[in-house]
Amino acid sequence: MTVHITESVWLNASDICSFEHLVQVSGLSNEALLGLIDAGILEPANNDPANYFFPVDCIVVARKARRLRDDFELDPEGLAVALNLLRRIEKLENQLRAVQARLTQDG
């Protein structure tokens with residue numbers, strides 16, 4: 001028998017979290033998170049590298065990065081490519097749903 005454990009996190013769009021908190025909840029190292037910042041995957045809410053803060057939705061991205069890294073043994077560059085492609089797919093899916101909704105309304 002296989003048991004799947006799902007963890008849910010309620011994210012408020014206006015909340016922020018610290019760099020240290022993001023390290024703790026994501027399972028990534030400081031260096032890995034800094035690499036995601038350098039690649040433009042994670043965008044801090046401020047410009048102070050000594051005291052970065054992030055919108056809490058970055059938690060989801062950081063956890064996804066850790067899972068991709070662990071599951072597919074991706075190096076930092078591969079991880080950045082995978083996350084950029086996933087972000088692009090999500091954006092295209094949202095655009096497709098919007099077009100389908102308009103067609104249904106006009107239909």
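For the pair residue 45 and residue 106, label points projected 7 Å from Cα toward Cβ lie 3.9 nm apart. Phi angles across segment 36-49 convert, under the Karplus curve 6.51 cos²θ - 1.76 cosθ + 1.60 with θ = phi - 60°, into 3J(HN,Hα) values of 5, 5, 4, 7, x, 6, 10, 10, x, 7, 9, 10, 10, x Hz, Gly and Pro given as x. For Cα extents along the principal axes in Å, several values are listed as (i) 47, 32, 25; (ii) 56, 42, 20; (iii) 53, 44, 28; flag the one computed from this structure. Correct label is (iii). Counted residue by residue at 0.36 nm each, then reduced by the alpha carbon distance between them, the extension gain from residue 97 to residue 57 reaches 12.2 nm. Here the simple spin-label model places points 7 Å from the Cα toward Cβ, and for residue 89 and residue 15 these points are separated by 2.8 nm. When the Gaussian network model of the chain links Cα atoms closer than 10 Å, the mean-square fluctuations of 36, 22, 92 top out at 92. Counted residue by residue at 0.36 nm each, then reduced by the alpha carbon distance between them, the extension gain from residue 24 to residue 74 reaches 16.0 nm.
Find out how many positive minus negative residues lie around residue 70, taking Lys and Arg as positive, Asp and Glu as negative, among other residues whose Cβ is under 12 Å from that of residue 70.
+3
No value in this document is a laboratory result; all are computed from the given coordinates. No experiment lies behind these values; they were computed from the predicted model shown. For neighbour counting, all protein chains shown are included, and Cβ atoms are generated from backbone atoms with ideal geometry for every residue, glycine included.
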